[in-house]
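Below is one structure, written out as structure tokens; the observations come after it.
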Amino acid sequence: MTFFASPYALVLLVLAVTLISFLWAPRRVDADGFFGGADRLGRAPGLWTLTFSQVTTWIFARSLMNAAILGFYYGMPGALAYTAYYLSFITGMWIVGRLRMRGAGSVQEWLREEFGPVGTGCYNVVVALRLMSEVFANLLVVGVLFGAAFEATHAGELAMVGMALIGLGYSAMGGLRASLRTDVVQMALFAVVFAVAFVAMVTGPGFFASAVIVSGGVAGPGPGWALLAVALLQVLSYPAHDPVMMDRGFLADERTTRNAFLYAFWISAAFILGFGIFGIQAGILAGEGEAMEAVWARMFGPFVLFCLSASLIVSALSTLDSALASAARLAVVELRLGARTVANGRIAMAAFMLGGVLLLLAETEDLFAAVAVSGTASMFLAPVLLIGLFLGRPIPLWSYLVSFAAAMAGAAVYFFEGSAAVAWLFGDMHKYLLLLEICIIVLAVGFGACLTAVFADGRRSRKGFS
């Protein structure tokens, strides 16, 4: 067990996962496989390949750490708040089903039909930022882990660069097909190391399910309940701005896709809630001012701590390849920045990876900030999807742009939530209460603009009929 206490155990883990990923990734792939995920015979991915790919791309390192941190500070309400975001699989399933019913092959295709190039342009800006934030956040988790393990200058930075090159390397080999194939293997590795750590926690001394359920965390449950409300407000629009989920909604037949979304929901929600419980238990056992990682060091031996770190590293790598595959599809297929060739897809991957690495220069370690900002930005889609896609009512471009502007403004306000200007506008409140207020305002403006147009159109129709 002494070996697992060594930071070099993490290095060997990364090397092993890298070797497996490169061996499992397809050596040769055509454009259909690179951008569409088809195998050499042109077949779409099966149910469990699609399910496990959805799961591994949504239980990424940032999400696992967010769930644990929220559980640590805000107890069960915090853990439930982050788990609630995984209802996105249910709303995402509905969105994909309606899009396919309307004959669209992607969100962009439907938006282009409804709002023209301006509509898709607004959406693609949000999607591009989402993809780069995924690269940034998962590399950041890797950097934090290796920086703490080696306690040496630049160890974290070197780990982030190394992980970026590894993810880019095997992703560029096969694009979406490589992502789908390696996701299955990475899912199996993640499940094993997670199960070992979770069983060790629930069978260890000091664990009581009743205490976990009623826990309010080290900072009190209030902000956790506010964040749960935020998640429920964002859950309609959140999946639509995630290209990784949306891309996988159009790879297989409708029945396979629907079942994959349903299975991915309960599997990923269980994993996320489980990681939230790691944080809750640490909060229960924490001393005054003690950090979560320090409590984990007391709770577990070297092997279990290694398993926790391993689960984070494996999930980070699985998310990187999926984000890069979606980035290639966005740049080449949707934005049409180049011909639909494997070479152009690889160039797009490299560009997005570079963008994510450059975001690391911001020197922030607030992992939830990326979720909150991108989730708020996505809320311009809520009235558009509900009124335009589900109810089938036409929405004019001006309403779409008003909703988009409100969401961008809300995202910007939360991004600068620590500034004097935001404090002057909204007063002194907890940042998650501020986020809840911002979300309510964004939805009110967006729905107000869209419903105003719908009612005005209805009145004109009635006058014309009379």
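The values are calculated or read from the model by the stated rules, or taken from the named source; none is laboratory data. Keep in mind it's a predicted model, so treat the numbers as computed, not measured. Virtual Cβ from ideal backbone geometry, glycine too; neighbours counted across all protein chains shown.
Pairs needed: first member in the stretch 118-137, surrounded by fewer than 24 Cβ atoms within 10 Å (Cβ to Cβ); second member anywhere, among the charged types (D, E, K, R); C-beta distance under 6 Å; at least 6 residues apart or different chains.
120/112
Among the residues of the stretch 1-43, which ones are among the charged types (D, E, K, R) and either part of a loop (DSSP other than H, G, I, E, B) or touching a residue at least 40 places away in the same chain (Cβ under 8 Å) (or both)?
To start, the set of residues in the stretch 1-43 that are among the charged types (D, E, K, R) comprises 27-28, 30, 32, 39-40, 43.
Matches in the stretch 1-43: 27, 28, 30, 39, 40, 43.
Check residue 193 against each of (1) touching a Gly at 6+ places or on another chain (Cβ under 6 Å); (2) under 19 Å from residue 309 (Cβ atoms) and name the one condition it does not meet.
(1)
Being under 12 Å from residue 58 (Cβ atoms) and crowded, with 23+ Cβ neighbours inside 10 Å narrows it down to one of 261, 278, 265, so name that one. So that I can check it myself, show each step before the final result.
Values: 278 fails: under 12 Å from residue 58 (Cβ atoms); 265 fails: crowded, with 23+ Cβ neighbours inside 10 Å.
Step by step, each of 261, 278, 265 is checked, and only 261 is under 12 Å from residue 58 (Cβ atoms) and crowded, with 23+ Cβ neighbours inside 10 Å.
Would you tally the residues in the stretch 220-258 being assigned to a loop (DSSP other than H, G, I, E, B), surrounded by fewer than 23 Cβ atoms within 10 Å (Cβ to Cβ) and at pLDDT 90 or above?
So the count comes out to 4.
Here are some residues: 369, 316, 297, 351. Which one is without any contact (Cβ under 8 Å) to a residue 60 or more places away in the chain and within 30 Å of residue 199 (Cβ to Cβ)?
On the way: 369 fails: within 30 Å of residue 199 (Cβ to Cβ); 316 fails: without any contact (Cβ under 8 Å) to a residue 60 or more places away in the chain; 351 fails: within 30 Å of residue 199 (Cβ to Cβ).
After applying the criteria, what remains is 297.
Restricted to the stretch 373-401, and to residues that are β-branched (Val, Ile, Thr) and touching a Gly at 6+ places or on another chain (Cβ under 7 Å), which residue is surrounded by the most Cβ atoms within 10 Å (Cβ to Cβ)?
The first filter runs over the stretch 373-401 and keeps only residues β-branched (Val, Ile, Thr), leaving 373, 376, 384, 387, 395.
From what's left, touching a Gly at 6+ places or on another chain (Cβ under 7 Å): 376, 395.
Working: 376: 28, 395: 23.
Across the stretch 373-401, the extreme among qualifying residues is 376.
Which numbered condition in (1) outside any helix (DSSP H, G or I); (2) modelled with pLDDT under 90 is the only one that residue 216 fails?
Condition not satisfied by residue 216: (2).
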